[in-house]
Amino acid sequence: MDSVLFGHAFERIKRQMARVVVGQDELVLGTLVALLAKGHVLVEGAPGLGKTLVVRALAVVSGTAFKRIQFTPDLMPSDITGSSVYSRETGAFTFVPGPIFAQLVLADEINRAPAKTQSALLEAMQDLQVTVDGVSRPLPAPFAVIATQNPVESQGTYPLPEAQLDRFLVKLLVSDPSVEVERTIVRRHADGFDPTDLRSLEPATTAHEIVTMQSFAQRVKIDDVVVSYIVELVRRTRDDKAIELGASPRASLALLRAAQVIAASEGRTFVAALRHRVMLHPDAQLQGIRADDRIEDIVRSVPVPRLEPVS
């Protein structure tokens, strides 16, 4: 694969998803970039804003095997990973894989389950394997978790542990649509659009092609000045007085991987890789300061590297 083929495949996926997803360009782009960067996505927004539709559409268009896990307070870790079941016929235990053994996994309303259940995803997201009864089983490739969560103020939600938040490449925020977009959505439904029926979508790639695109993106060369820029951005989150807990080195790697995909598909911002990795001081929260506000200030304070064109 070369940069032209990568770019064409990237645009085909976006065009196909645009056939059913309206007004969520940033969400579509963010999930696609994360998938190609071998990362996971946390999507936050109120119910009814199309988060699930985006994930289901991406699975169809990318040609990946899809499973949905509905997180509830009574969900058990084995409901995610699978478990060993005793068979009377054979007199032995047989492992029955859980829904985590898919290529694109939707963890719907992840913050409605307690931390014990959420932690069942940690090994899968970090090591691309699941260990049950002492046996580690590899997950299929490609593999990505796209988790949705309601705003943390919502009733019946649990905050995600910091270790889990850090496993997500990006956190994307979904807000209410504009008046024009909402009119378009209502009009399409009035004309018979059914969001549960995605048979009109055509696969733009295969799972194998997604893996090839991931490998190509990882080979995109990053100049040392860009590496220094990424590190400086992340380090300044640790020095900011309004931020109690800054981003870890894993955030630098997330920015690098996202930047490689974006470079391969023609540039865009990658600030979303930081917003869920910083924790504001309580005083800053009382003043109404948001993590995005501080990150934007940090980005503006760090000089953007200028690379000389290659002759």
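How much accessible area per residue does region 93-224 have, counting only protein heavy atoms and a probe of 1.4 Å, in square angstrom? Please list the in-between numbers first.
Working: 6930 Å² over 132 residues.
So region 93-224 comes to 53 Å² accessible per residue, rounded to a whole number.
Give the label of the value calculated from the structure for Cα extents along the principal axes in Å, choosing from (i) 69, 44, 44; (ii) 99, 41, 32; (iii) 70, 47, 32. Only one option fits the structure, namely (i). Restriction of the GluC sites (Glu not before Pro) in region 31-121 to DSSP coil positions whose beta-carbon has at most 16 other beta-carbons within 10 angstrom yields Glu89. Of Thr90, Thr31, Thr237, the residue with the greatest mean-square motion in the GNM of the chain, using alpha carbon springs below 10 Å, is Thr90. Computed from phi, the 3J(HN,Hα) profile of region 217-226 under the Karplus parametrisation 6.51, -1.76, 1.60 (θ = phi - 60°) reads 4, 5, 8, 5, 6, 10, 5, 4, 5, 6 Hz, with x in place of Gly and Pro.
Of the trypsin sites (Lys or Arg not before Pro) found in region 137-212, the ones in coil according to DSSP and having at most 11 other Cβ atoms within 10 Å of their Cβ are Arg199. Dividing the summed helix terms, -39500 (n - 2.57) for each DSSP H run of n ≥ 4, by the number of residues in the chain produces a 222 nm estimate of -12500 deg cm²/dmol to the nearest 500. Pairs spanning more than 25 Å between alpha-carbon atoms, out of Lys221/Lys241; Lys51/Lys241; Lys51/Lys221; Lys38/Lys67; Lys67/Lys171; Lys14/Lys116: Lys221/Lys241; Lys51/Lys241; Lys51/Lys221; Lys14/Lys116.
Put the Cα centre of region 1-16 next to the Cα centre of region 113-191 and the gap is 25 Å. Considering only Cα atoms, the convex hull volume of region 1-116 works out to 147 Å³ per residue.
Surface composition of the chain: carbon and sulfur atoms hold 53% of the protein heavy-atom accessible area at a 1.4 Å probe. Of the trypsin sites (Lys or Arg not before Pro) in region 60-107, the ones in a loop by DSSP (not H, G, I, E or B) with at most 15 other beta carbons within 10 Å are Arg88.
The values are calculated or read from the model by the stated rules, or taken from the named source; none is laboratory data. Here the structure is a predicted model, which means the values were calculated and not measured. Don't worry about glycine lacking a Cβ; one is built from the backbone with ideal geometry, like all the others, and counts go over all protein chains shown. In case anyone asks, the SASA skips ligands and DNA or RNA and just uses the protein heavy atoms, side chains included. Shrake-Rupley method; radii C 1.70, N 1.55, O 1.52, S 1.80 Å.
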